[in-house]
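All of the numbers you see were taken from the coordinates with simple rules; none came from a lab. Because the structure is predicted, anything quoted here is derived from the model rather than measured. Every residue, glycine among them, receives a Cβ derived from its backbone with ideal geometry; neighbour counts consider all protein chains shown.
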Amino acid sequence: LMQMNQPISSTFAMEQVPDDQQAVTNSVRHLAWNLAWMLSTQIGGWWIERAGFAPPILAAVALYLCASISFAWFFAGKGRAAPVPV
């Protein structure tokens, strides 16, 4: 589940920017991803040290559920485009 959305979000991001800006967009996306991992490691370590493993794991479960539900809700009404007859 953790990286299940990466191919979809990456493709969506690349479709939204012009060809000449795709390299920069991809770099910024990866920078944001790596910064988030760096910060979450520090915060998670601090939290585990003070409260143990249960609260961070339960919070992660809740966040994954929220993310999965919101992702499904967002795309639920969007069907595939009908093929264009040739």
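Placing dummy labels 7 Å off each Cα toward the beta-carbon, the span from residue 67 to residue 48 is 1.7 nm.
Here the label points at residue 20 and residue 57, each 7 Å from Cα along the C-beta direction, are separated by 5.2 nm in the simple model. Label positions at residue 9 and residue 32, each projected 7 Å from the Cα along the C-beta direction, are separated by 0.8 nm.
Which semi-axis lengths, in whole Å and largest first, follow from the square roots of five times the eigenvalues of the Cα gyration tensor of the chain? Provide the component values of the computation, followed by the final result.
Working: eigenvalues 224, 83, 9 Å².
Three semi-axes, in Å: 33, 20, 7.
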